[in-house]
1. For an R0 of 30 angstrom, estimate the FRET efficiency from the Cβ-Cβ distance between Ala25 and Thr195 and round to the nearest 0.05.
2. Starting from the Cα of Lys78, draw a straight line to each of the lysines and keep only those under 26 Å, dropping any in the same chain fewer than 8 residues away.
3. To the nearest 10 degrees, how steep is helix 44-72 against the longest Cα principal axis of the chain, on a 0 to 90 scale?
4. In the calculated pair distance distribution of the range 67-183, what percentage of Cα-Cα distances lie above 24 Å?
5. Run the simple label-point estimate for Gln36 and Gln90 please: 7 Å along Cα→C-beta, distance reported in nm.
6. Kindly state, to the nearest 0.05, the FRET efficiency for Lys97 paired with Gln134, given R0 = 56 Å and r defined as their beta-carbon distance.
7. Among 265-273, 29-37, 286-294, 173-181, how do they line up by average Cβ neighbours within 10 Å per residue, starting with the highest?
8. What whole number of Å gives the distance from the Cα centroid of the range 257-336 to the Cα centroid of the range 20-89?
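Nothing in this text is a laboratory measurement; each read-out follows from the coordinates by a stated rule. Predicted model, so just to flag it, every value in this text is computed and none were measured. All Cβ positions, glycine included, derive from the backbone under ideal geometry; neighbour counts span all protein chains shown.
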Amino acid sequence: MSFNATVASAAHESASQLYANVDFASLSWLEQLWMQWYIRIDNPIIATGLMSFLLHEIVYFGRSIPWIIIDAIPYFRKWKLQPNKIPTPQEQWECTKQVLFSHFTIELPAIWLFHPLAESLGMQTYQVPFPSWQTMLPQILFFFAFEDMFHYFAHQALHTSILYKHIHKLHHKYSAPFGLAAEYAHPAEVFILGTGTLAGPILYCLFTQNLHILTVYVWIVLRLFQAIDAHSGYDFPWSLQHILPFWSGAEHHDFHHMAFTNNYSTSFRWCDRIFGTDDKYRAYRKKIDAQKAAMKGKSKAERAIAEQQLLAEIEAEGQRAEAEVEARAEGKIKAQ
Ligand SMILES: [Zn+2]
Ligand SMILES: [Zn+2]
């Protein structure tokens, strides 16, 4: 029986039959758990869909909780990129409701549909043993690079007048984002930008027929960490961008929310550097460094006031740029 035929009939077959030729004792602890999950649920399509959705919810909210705690502890303010803007519990709750709405209306069906589509292209799901890390690593690096480029262009498109006004404006509600706000977006945006996350694995499957869903899960977990941390609003001395200078991190994306422009990519700084969409960001970094040097020896309060002024200037510029984009959308609507 061909692989696809196996998958198609899997739902009607007892799950334990799928593992008829597997030597249980030779499997790792995680592989045994994996196998038991499929045997217990006894329907590979439901087992895969449920595992994927649960993984997404647990990682999304699990990764957001430490940031909620950090926001509640004043000690961490010294590393906050916009220290005057701490999200209130009310804002966090409003954000959680919108995120959950998107998860159940867009992400749940998309996650559920992704698997039959990827399986029909040759992706493995219930199969054990898992691929080796040497197989998984280059695949995950490809997904990172693909998503970063896709996001860079799609995100810029979302900043054009009509798309901004009707879709992306919601994500820009917070000029100082926080972890939970990573997926705070219009359902259409979740769908458009989610395509960048899932199209990499789909294309990879299409061309190689060599991909296990575990690799996709590792990619999704890393991508969620990347997105939530980039929205955290904190730049610690131990943040990844200080170890890998090409990594975007919070310091890069926080500027996008504050200034409304520049820094459109997700994981890496390369696209913005190559296409010159980080000019304002780099000028701002220079200003910060110059200000720090000029304020040496001044009191903490004086330094805070100067920093505050600079942040307020950038934000006011961002608000003007946003109003311009929206006015253009109004003009286009009236012209039609
Ligand atoms: Zn944006
Ligand atoms: Zn954002």
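1. For Ala25 and Thr195, the calculated efficiency is 0.10.
2. Within reach: Lys173, Lys280, Lys286, Lys287, Lys292, Lys296, Lys298, Lys300.
3. Approximately 30 degrees, to the nearest ten.
4. 52 percent
5. 4.8 nm
6. Result of the calculation: an efficiency of 0.85.
7. Ranking, from highest mean packing down: 173-181, 265-273, 29-37, 286-294.
8. 33 Å
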